[in-house]
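Comments concern the structure below.
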Amino acid sequence: MELYGYFRSSAAYRVRIALALKGLDCDNIPINLVPGVSQQRSADYLAINPQGRVPFFSDGNTAISQSPAILEYLEEVYPQVPLLPSDATGRATVRQLASLVACDIHPLNNLSVLQALKAGFGADEAAVQQWYHRWIIDGFTAFETLIKGTAGQFCYGDMPTFADIYLVPQLWNARRFNTPLDAFPEIGRIDDNCNALDAFQSAAPENQPDAPVSQ
């Protein structure tokens, strides 16, 4: 297995967590997304992934991008450590929580969007941060309410699921952008429980080989 990613990419972070929870060995291949380096736009990488984004995952003859597709593949092919509940309602509930992050928060705060706000719309750093905070707070307000009806130790019961795998990277990035989080105690409690596990610790951005000493 190979995973092309970047230490600070939320989407690659999700896949690293899933691989670690399932106990799967994978070679991590760093792709430097820093503006001015932009390795994701190189001809070599575009030949591998024409979309020019991370993560990109390969497993034998299977090669796929987009973290939701990668996570679903891992769940189907390596089900020994399940990351979805066994019942249809539970699976739908977990996918709802994951999609809230994947569809309503993350795309609006992705690196390419933040760069476009600056380059195409003249936004300064304060405006970009305000934009970032707005979508985090909107999404987390809904997430916090939803998990009050589903949470145990984790977002859905007492085992990590896709919901936790999506939440933790988004929370890491929220802190990086100094987003106020005091209004989300249940999210914070679950994040603490997740980060007490070796799988989440090993997948964390600061523990990746391409992470700079000072971030």
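The values are calculated or read from the model by the stated rules, or taken from the named source; none is laboratory data. Please read these numbers as outputs of a predicted model, since none were measured by experiment. All Cβ positions, glycine included, derive from the backbone under ideal geometry; neighbour counts span all protein chains shown.
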Given the conditions (1) free of Cβ contacts under 8 Å to residues at least 60 places away in the same chain; (2) surrounded by 14 or more Cβ atoms within 10 Å (Cβ to Cβ); (3) small (Gly, Ala, Ser), which single one is not true for Ala18?
(1)
Please determine whether any residue of segment 185-198 is in a helix (DSSP H, G or I), outside the structural domain of Ser67 (by TED's automatic domain parsing) and in contact with a Pro (Cβ under 8 Å, 6 or more places away or on another chain).
yes
If you go through Thr161, Thr150, the only one that is polar (S, T, N, Q), under 28 Å from Gln80 (Cα atoms), in contact with a Leu (Cβ under 7 Å, 6 or more places away or on another chain) and touching a residue at least 40 places away in the same chain (Cβ under 8 Å) is Thr161
Which residue out of Ala12, Ala98 is buried (at least 18 other Cβ atoms within 10 Å of the Cβ), at pLDDT 95 or above, closer than 30 Å to Lys148 by Cβ and touching a strand residue (DSSP E or B) at 6+ places or on another chain (Cβ under 7 Å)?
Ala12
Take the residues of segment 71-93 that are part of a helix (DSSP H, G or I) and touching an Asp or Glu at 6+ places or on another chain (Cβ under 9 Å): which is surrounded by the most Cβ atoms within 10 Å (Cβ to Cβ)?
Leu74
Here, strands (runs of 3 or more DSSP E) confined to segment 4-68 with at least 2 residues that are assigned by TED's automatic domain parsing to the domain that holds Met159 are none
With the requirement that a residue be within 18 Å of Ile187 (Cβ to Cβ), out of contact with any Leu (no Cβ under 8 Å at 6 or more places or on another chain) and of a type in the set (S, T, N, Q), what does segment 91-138 give you?
Thr93, Ser99, Asn109
Do we have Gly120 as surrounded by fewer than 16 Cβ atoms within 10 Å (Cβ to Cβ) and in contact with a strand residue (DSSP E or B) (Cβ under 9 Å, 6 or more places away or on another chain) here?
no
